[in-house]
Amino acid sequence: MTSAQTKKFLLLGRDQETLTFMVKELSRNHRHEVLVENTSKTALNRMQAGDIDCVIFNLEKFVFSQVKLLEQIRSLKHKFKIFVFANEVNPLAAQLTTNLKGITVFGKTFLNLEKDFLGLVLRFLKIEGIPQRSMKRHSTFQRGNVVNLRAGKKFDTLVSNLSHKGAHLEYSSEKGGVLSIGDKVVLTVELHKLNKIHNVIGVVVWVRTNLSGKSSAGLRFP
């Protein structure tokens, strides 16, 4: 592992346009090292060295074969984070990744909304104090509930981050919380100070289970 200030990223993919964007963003402050591989075999060889902080997949489609690869990577016992970006995400395949620690799957449309890719990655790596170029977010710990319109399930959630374009949700899969990328949901939050209940429709753009086993998801509002 590199120092807390300098990170080593490994990118894997064949979409050169998106890879070029990612490399440019991740290396924009000339502090982080960025490696690029085009095949899973050469990428696995890089990972076995154990000095990678974050692996980023740039895919056309995320399907069950990629889940097998992620399981193989996790069997290496390294603790680096893994981010997967794909144009198309199979919801069932994404759901299987919730059993693998430290993996986050994003629909690639999220890249069009995120104005600060480096900031996004560093936030998920839990580095504090990184100046963000993206829109202002407000920290909050407002309890609410979510109705998953695809699964027809309602469950409690904690809204821990909020902007007028989206929200960060924390929830428990053990208590019925089920979300997949692309799900349309209705988020209901009771604004106690305003004595008002607020309902908003959102689309899930990423889901993850962190190293402690807690589930979270990102919503984009229309």
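The values are calculated or read from the model by the stated rules, or taken from the named source; none is laboratory data. Just so it is clear, the model here is predicted, and its values are computed rather than measured. Every residue, glycine among them, receives a Cβ derived from its backbone with ideal geometry; neighbour counts consider all protein chains shown.
Filter the range 77-100 down to the residues that are in a loop (DSSP other than H, G, I, E, B) and touching a Gly at 6+ places or on another chain (Cβ under 8 Å) and list them by number. Explain how you work it out, then say what you get.
Narrowing the range 77-100 to residues in a loop (DSSP other than H, G, I, E, B): 77-80, 90, 100.
HIS78, LYS79, PHE80 - these are the residues of the range 77-100 that are in a loop (DSSP other than H, G, I, E, B) and touching a Gly at 6+ places or on another chain (Cβ under 8 Å).
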| request: Identify, by number, the condition in (1) part of a strand (DSSP E or B); (2) modelled with pLDDT of 90 or more; (3) not basic (Lys, Arg) that LEU70 doesn't meet. | output: (1)
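Among SER216, SER180, SER212, SER134, which is the only one that is at pLDDT 85 or above, assigned to a loop (DSSP other than H, G, I, E, B) and of a type in the set (Ser, Thr, Tyr)?
On the way: SER216 fails: assigned to a loop (DSSP other than H, G, I, E, B); SER212 fails: at pLDDT 85 or above; SER134 fails: at pLDDT 85 or above.
Answer to the check: SER180.
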| query | Of all residues in the range 24-40, which are in contact with a strand residue (DSSP E or B) (Cβ under 6 Å, 6 or more places away or on another chain) and either hydrophobic (A, V, I, L, M, F, W, C) or exposed (fewer than 14 other Cβ atoms within 10 Å of the Cβ) (or both)? | reply | LEU26, VAL34, LEU35, VAL36
| said: Residue under question is ALA43, and the condition is that it be out of contact with any Ser or Thr (no Cβ under 9 Å at 6 or more places or on another chain), surrounded by 19 or more Cβ atoms within 10 Å (Cβ to Cβ) and outside any strand (DSSP E or B); does it hold? | reply: yes
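Would you confirm whether any residue within the range 147-165 is closer than 28 Å to GLN72 by Cα, at pLDDT below 80 and of a type in the set (S, T, N, Q)?
At the first step, the residues of the range 147-165 found to be closer than 28 Å to GLN72 by Cα are none.
Checking the range 147-165: not a single residue is closer than 28 Å to GLN72 by Cα, at pLDDT below 80 and of a type in the set (S, T, N, Q).
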| remark: With the first residue restricted to the range 85-110 and required to be in the same structural domain as SER65 (by TED's automatic domain parsing) and farther than 19 Å from PHE124 by Cβ, and the second required to be at pLDDT 80 or above and aromatic (Phe, Trp, Tyr), Cβ contacts under 6 Å at 6 or more apart or on different chains are ALA93/PHE62; ALA93/PHE64
